[in-house]
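Please treat every number below as a calculation from the coordinates, not as lab data. Please read these numbers as outputs of a predicted model, since none were measured by experiment. Positions of Cβ are backbone-derived with ideal geometry, glycine not excepted, and every protein chain shown enters the neighbour counts.
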Amino acid sequence: MKKSAPAKKPAPAKKAPAKKPAPAKKPAPAKKAAPAKKAPAKKPVAKKTPPAAPAAPQVHRIRVSCADGPWWDGEECVRFIEMAEASNLYDLHVAIQAAVDFDEEGPFFFFLAEDCETEERETIPATLPPDPEKAEIDVDVYEEMKLLDDLPRTGLRRLFYAFKSEDGDWFFEVRHTGVVSPAKPGEYYPLPVESLAVGPNPTQYGHDFDDYADDPDAFRPPDRGGAPDDDEENPYDDGYGDEDDGDESDGEDGYGDGGDGDDW
């Protein structure tokens, strides 16, 4: 009997070589977030403000006082006048004439001085002599000369207005009172402030000339007193004797009838 071949032992199972674990993948670096795009800043839109209302014109209050004149009796005469800021010296002339009720019979001029009697005057314009003749004065130049440019606010010198009349020169001193205020709507300037006026107007033409028709004695020669002298010549005697004395030889018309009764 054949011996059976011994059973082959099963070959041991080959162990698969252990696979090395794959190296861990490094995490991908985190992508930096792209910076957010900033929207362009909007420029602030300036709000249009409505244009400011123009400032109201200013008016300046001046003081005018009579300083001398041919018929001035020394009685105080002061007038206050509100003048527009743009007023010129010609406007001042018109305002003074109206404030004291004068007639514009002659030329005028202005000067700076401490008083009206001094010869140390700075005439306006400077080309005028200190005491100009009428023919030397050109009043039209004052329309181009601003009042406030020649009106002193401080110091001893004053602005004087000189008005040349037939009887002599009138002088008025002009000062700034320091009062400045907005113009009143609807008012016309120059504007006299009548409530502040002091004293009567100077008499421009002498003793009550403007009222001569109502005053029969205005032009009567002054009575110097004393009894009349019979031998003194009567200045009112026309040399033809007395007025009609009712003589019978006179005619009905007072001129006589020639002496023979016949009409002329």
Task: Cα Rg over Rh - segment 108-213, Kirkwood - done: 0.99
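Name the shape class, rounded, prolate or oblate, that the alpha-carbon gyration tensor gives for segment 43-177, where a ≥ b ≥ c are the square roots of its eigenvalues, rounded holds for a/c under 1.5, and otherwise prolate holds if a/b is larger than b/c and oblate otherwise. Intermediate values should be presented prior to the final figure.
Working: a/c = 2.48, a/b = 2.20, b/c = 1.13.
Note, shape of segment 43-177 comes out prolate.
Answer rounded, prolate or oblate for segment 36-87, using the Cα gyration tensor with square roots of eigenvalues a ≥ b ≥ c: rounded when a/c is under 1.5, else prolate when a/b is larger than b/c, else oblate. Let's see the in-between values first.
On the way: a/c = 9.43, a/b = 7.97, b/c = 1.18.
Since a/c reaches 1.5 and a/b is larger than b/c, the shape of segment 36-87 is classed as prolate.
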- [ ] Specify which residue in the list A67, A55, L89 is farthest towards the positive end of the charge dipole of segment 47-91, using unit charges on the beta carbon of Lys, Arg (+1) and Asp, Glu (-1), about the Cα centre.
- [x] A55
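Looking at segment 104-205, which chymotrypsin sites (Phe, Trp or Tyr not before Pro) are DSSP coil and have at most 10 other C-beta atoms within 10 Å of their C-beta? Walk me through the numbers on the way to the answer.
On the way: sites: F108, F109, F110, F111, Y142, F160, Y161, F163, W170, F171, F172, Y188, Y205; in loops: Y188, Y205.
Counting only loop positions with at most 10 other Cβ atoms within 10 Å, the chymotrypsin sites (Phe, Trp or Tyr not before Pro) in segment 104-205 are Y188.
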